[in-house]
Amino acid sequence: MQRRSRSPRLSRYYTLARLVHSDTAREHRIDNTPPPELIPNLRLLARGLDRIRLLLGHPLDISSGYRSPALNAAVGGARNSQHSQGLAADFTCPGFGPPLAVARALRDSGIAFDTVIYEFEEWIHVSFTATPRRRVLTIYDPEEGYLDGLLDAERQPVA
Ligand SMILES: [Zn+2]
C-alpha cells in the first residue's frame with residue numbers, strides 16, 4: 001500500500017498547504033497554521049483562485065495566502081488584513097503575462113472578487129468574500145497610498 005501525506009484539497013486546484021505556505025514563515029520558523037474556523041474562508045478563497053486560474057489559463061504563482069498574526073506582523077501587513085482572515089492571496093501569473101495584464105483581465109472578467117489591487121507593478125492582491133464588492137485599486141507608492149481603479153505608471157486609467 002502506498003501512502004501519501006496529503007494536505008486537504010480546498011478546491012479543484014488548491015490545497016490547504018498551498019494557501020498557507022510562506023517563505024517568510026519558513027525562514028523565521030513562524031507557525032502559520034490557520035485555526036479551524038478559518039477553513040471555510042480559505043475554501044472560498046481557493047474557489048475564487050480556481051476561477052482566476054481558469055480565466056488566465058496558466059498556473060498562478062502564489063507568494064502569500066493565509067497569514068497568522070505572527071506572520072502578518074513579520075511582513076508588516078495591515079492588522080485587519082484579509083490575509084489574516086484567510087480571504088486574500090498575492091500572486092503573479094507569468095504564463096499569462098505581466099501583473100498589469102493580469103489585473104486588467106481580472107477587472108474585465110465577470111469574476112465576483114471582493115478586491116483586486118495592482119501592487120507596486122509586481123503582483124496582484126485578490127480577495128474573496130461572501131459579499132463581493134468588485135473593487136479595483138492600484139498602489140505604486142506607500143506614501144501615495146491606494147488609488148481608485150486600475151492605473152498605469154502615469155496614474156492614467158488603463159483602457
Ligand atoms: Zn495581499
Need the failing condition index for Phe128 against (1) closer than 16 Å to Pro99 by Cα; (2) in contact with a Phe, Trp or Tyr (Cβ under 8 Å, 6 or more places away or on another chain), just the number. (1)
Filter segment 69-90 down to the residues that are free of Cβ contacts under 8 Å to residues at least 40 places away in the same chain and in contact with a helix residue (DSSP H, G or I) (Cβ under 9 Å, 6 or more places away or on another chain) and list them by number. Gly77, Ala78, Arg79, Ser81, His83, Ser84
Hey, can you tell me all the residues within segment 102-123 that are assigned to a loop (DSSP other than H, G, I, E, B) and within 13 Å of the ligand (Cβ to nearest atom)? Phe113, Asp114, Phe120, Glu122
Note on segment 91-125: residues buried (at least 18 other Cβ atoms within 10 Å of the Cβ) and within 18 Å of Arg67 (Cβ to Cβ) are Phe91, Asp114, Thr115, Ile117, Trp123, Ile124, His125
Quick one: which helices (runs of 4 or more DSSP H) sit completely within segment 17-90 and have at least 1 residues that are modelled with pLDDT under 95 and away from the ligand (no atom under 14 Å from the Cβ)? 23-27, 69-74
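Under 23 Å from Asp114 (Cα atoms) and buried (at least 19 other Cβ atoms within 10 Å of the Cβ), is that true of Gly48?
yes
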Pairing a residue in segment 100-124 that is on the phi > 0 side of the Ramachandran plot with any residue that is aliphatic (A, V, I, L, M) and surrounded by fewer than 18 Cβ atoms within 10 Å (Cβ to Cβ), where Cβ atoms lie under 8 Å and the two sit 6 or more apart in sequence or on different chains, gives Phe120/Ile139; Glu121/Leu100; Glu121/Ala153
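The values are calculated or read from the model by the stated rules, or taken from the named source; none is laboratory data. As the structure is a prediction and not an experimental result, all values here were calculated from the model. Note that we place each Cβ from the backbone using ideal geometry, even for glycine, and neighbour counts take in every protein chain shown.
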